[in-house]
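The values are calculated or read from the model by the stated rules, or taken from the named source; none is laboratory data. What you see is a predicted model, and the numbers here were worked out from it, not measured in a lab. Note: ideal-geometry Cβ built from the backbone for every residue, glycine included; neighbour counts use all protein chains shown.
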Amino acid sequence: METKKLNENKKIKVLFATSEALPFCATGGLADVCGSLPKYIDANYSDVDIRVILPMYSTIPNEYRSKFEKIGEWYTTLSWRKEYAGIFKYVLNNVTFYFVDNERYFKRNNQQYGFDDDCERFAFFSKTVCEILPMIDFYPDIIHANDWQTGLIPVYIKTNYSRDPKYSRIKCIFNIHNIQYQGRFSADYIKDIIGISGEHAKILEYDKDLNIMKGAIECSDKVITVSPTYAKELRTDNGYLSPIINQYSYKIMGILNGLDYSFYNPATDPYIYKTYTFDTIEVRKENKMQLQKEFGLKVDPDIPMIGIVSRMPKHKGMDLIRACMEEVVNHNVQFVGVGEGEKEYEDYFKYLNYKYPDRVHVSLGFSQEIGRKIYSALDIFLMPSLTEPCGLSQMIASRFGAVPIVRETGGLKDTITDFGCAGGGNGYTFASFSANDFKYSIFRALKDFENKAEWKKKIKIVMDKDFSWDKTSHNYMIIYKELAKEQQ
Ligand code: GLC
């Protein structure tokens, strides 16, 4: 009993703050990572007590919500406002999740972000996280914040709380999942909404605006982005925050994301027509024919099927898809996809669907189910991103046996190497953001696809590559331990 208590006391306490995590709420890869990394750490590193805190959106499925336990109420001070915060708790897979409830901020229809008061909503969330530590009786050694929505936590900790010894010892990590989203608002909000003024206000100023990500970088003890290559790219990409990134490069590093191998697994996936492993790889043909039927395409397992599962903003490389796809499908190739995004790209896919009904089917809208069915049927997966901090889809596609074609940027460069590389690769890659280079890779892959025996060997290589957290999570442990040690 006594020994157990001692060990418990020695655990490094981490409070992991995020605006989304699976299975509760998701708009993109952030939710995958924030749903799986804490779970993995909890299960594999007994010296860490990691807990997660999230906003309590009304869209969280009732199967979870109905089991949340209310542990207290609080009034959060936000500049001149006092806002109600209900604090709830739920344990899933042995990980404790806390939820911050406030209907005015988090009861919105079907959407997590994109509201006029986003700054206030997430300033409220971040401030509440700081204020309720005594209530949840968890003073962490480390607060691990993710993206701009939680970026004010390190700023509050290092400013408002710097004279409180229980807080001043807390170390902060800030994870950048995508620098495209910085939390930029009018500088007036710094005092009026965030409630930081005087000498500290300049921490949050950048380019005459409020820039939450800039403040988070400045105030955190470590800044981690989601792949080593992206960490390097951030230093040179003008127009983003490169001057700030360069100023603080001594504390910035890249750690590649892992994939939740229990969640993404073709052997057990609940959504796909038929489950399989490499040993039963022929099953993929059946999945392909089922999908062809469902999408109204010509049913023929030998027609190569290429596709995308992607949000559709510009930075996902949609311009390259648009520049090539018509020519590609005219070579007896089927093109399928699922996703949603900017109207101009959605319109393009509507046009393709209409013009080539037997060869093209892109389903517009976000659907886990269709996504998985596509991964389980595709021969070739396309990810020609303009920028890609890490990217998870290329890893999911690989796990499902769809051979990836990616542009060499960010995490795509760190996960996929070309089959033609010395030492062999696990996909097809091209470097410059050029439609010709992309097209060349597609035709190279289509040519290889014709040799069935060789193609099967490629599928094996692709499926065998380990993208799980087994490979990279220890890097987070190194940081946690380093920061916890600095406190002593
Ligand atoms: C963002 C990035 C993506 C990354 C994910 C998780 O969605 O765009 O590249 O994989 O975050 O870190």
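Observations on the structure shown:
- Test: residue in the stretch 209-220 that is more than 18 Å from Asn146 (Cα to Cα) and of a type in the set (S, T, N, Q): no
- Restricting attention to the stretch 160-194 and to residues that are more than 15 Å from the ligand (Cβ to nearest atom), crowded, with 19+ Cβ neighbours inside 10 Å and closer than 16 Å to Ala145 by Cα, the residue that is nearest to the chain's Cα centre (by Cα) turns out to be Cys172.
- Number of the condition not met by Ala21 [criteria: (1) over 25 Å from Gly341 (Cα atoms); (2) under 18 Å from the mean Cα position of the chain (by Cα)]: (1)
- Residues of the stretch 11-46 satisfying the condition of being touching a residue at least 60 places away in the same chain (Cβ under 8 Å) and acidic (Asp, Glu): Glu20, Asp32
- Residue in the stretch 439-453 that is within 30 Å of His315 (Cβ to Cβ), modelled with pLDDT of 95 or more, assigned to a loop (DSSP other than H, G, I, E, B) and of a type in the set (Val, Ile, Thr) present: no
- Every test in (1) of a type in the set (Ser, Thr, Tyr); (2) within 20 Å of Arg81 (Cα to Cα); (3) surrounded by fewer than 23 Cβ atoms within 10 Å (Cβ to Cβ); (4) within 16 Å of the ligand (Cβ to nearest atom) is passed by Thr150 save one, and that test is (3).
- Every residue from the stretch 391-433 that is over 14 Å from Lys465 (Cα atoms), in contact (Cβ under 8 Å) with a residue 12 or more places away in the chain and in a loop (DSSP other than H, G, I, E, B): Gly391, Glu408, Thr409, Ala431, Phe433
- Filtered residues of the stretch 24-41 (kept if touching an Asp or Glu at 6+ places or on another chain (Cβ under 9 Å) and not hydrophobic (A, V, I, L, M, F, W, C)): Thr27, Gly28, Asp32, Gly35, Ser36, Lys39, Tyr40
- For the stretch 90-143, a residue qualifies if it is closer than 19 Å to Ile173 by Cβ and of a type in the set (Lys, Arg), and exactly one does: Lys127.
- The residues of the stretch 407-442 that are surrounded by fewer than 15 Cβ atoms within 10 Å (Cβ to Cβ) and either aromatic (Phe, Trp, Tyr) or within 16 Å of the ligand (Cβ to nearest atom) (or both) amount to a single one, Tyr440.
- Residue that is surrounded by the fewest Cβ atoms within 10 Å (Cβ to Cβ) [pool: residues in the stretch 229-248 that are in contact (Cβ under 8 Å) with a residue 24 or more places away in the chain and under 22 Å from Ile203 (Cβ atoms)]: Tyr248
- For the stretch 60-96, a residue qualifies if it is modelled with pLDDT of 95 or more, more than 30 Å from Lys481 (Cβ to Cβ) and outside any strand (DSSP E or B), and the qualifying residues are Ile60, Pro61, Asn62, Glu63, Tyr64, Arg65, Ser66, Lys67, Phe68.
- The one condition from (1) in a loop (DSSP other than H, G, I, E, B); (2) modelled with pLDDT of 95 or more; (3) under 23 Å from the mean Cα position of the chain (by Cα) that Ala123 does not meet is (1).
- Any pair with Cβ under 8 angstrom, 6 or more apart, that starts in the stretch 466-488 at a residue that is part of a strand (DSSP E or B) and ends at one that is of a type in the set (Ser, Thr, Tyr): Ser468/Tyr261
- Some residue of the stretch 89-112 being touching a helix residue (DSSP H, G or I) at 6+ places or on another chain (Cβ under 7 Å) and among the basic types (Lys, Arg): no
- Between Lys251, Lys222, the distinction of being among the basic types (Lys, Arg), under 30 Å from Phe467 (Cβ atoms), in contact with a Ser or Thr (Cβ under 8 Å, 6 or more places away or on another chain) and in contact (Cβ under 8 Å) with a residue 24 or more places away in the chain belongs to Lys251 only.
- Residue in the stretch 285-306 that is more than 27 Å from the chain's Cα centre (by Cα) and aromatic (Phe, Trp, Tyr) present: yes
- Some residue of the stretch 300-311 being exposed (fewer than 15 other Cβ atoms within 10 Å of the Cβ) and either assigned to a helix (DSSP H, G or I) or in contact (Cβ under 8 Å) with a residue 12 or more places away in the chain (or both): no
- Tally, over the stretch 312-337, of residues that are surrounded by fewer than 24 Cβ atoms within 10 Å (Cβ to Cβ) and more than 16 Å from the ligand (Cβ to nearest atom): 13
- Scan of the stretch 5-59 for residues that are of a type in the set (Lys, Arg) and more than 16 Å from the ligand (Cβ to nearest atom), ordered by number: Lys5, Lys10, Lys11, Lys13, Arg51
- Tally, over the stretch 350-382, of residues that are at pLDDT below 95 and either away from the ligand (no atom under 16 Å from the Cβ) or crowded, with 23+ Cβ neighbours inside 10 Å (or both): 2
- When Ser385 is tested against the conditions (1) within 25 Å of Ala26 (Cα to Cα); (2) more than 16 Å from the ligand (Cβ to nearest atom); (3) assigned to a loop (DSSP other than H, G, I, E, B); (4) not aromatic (Phe, Trp, Tyr), the lone failure is (2).
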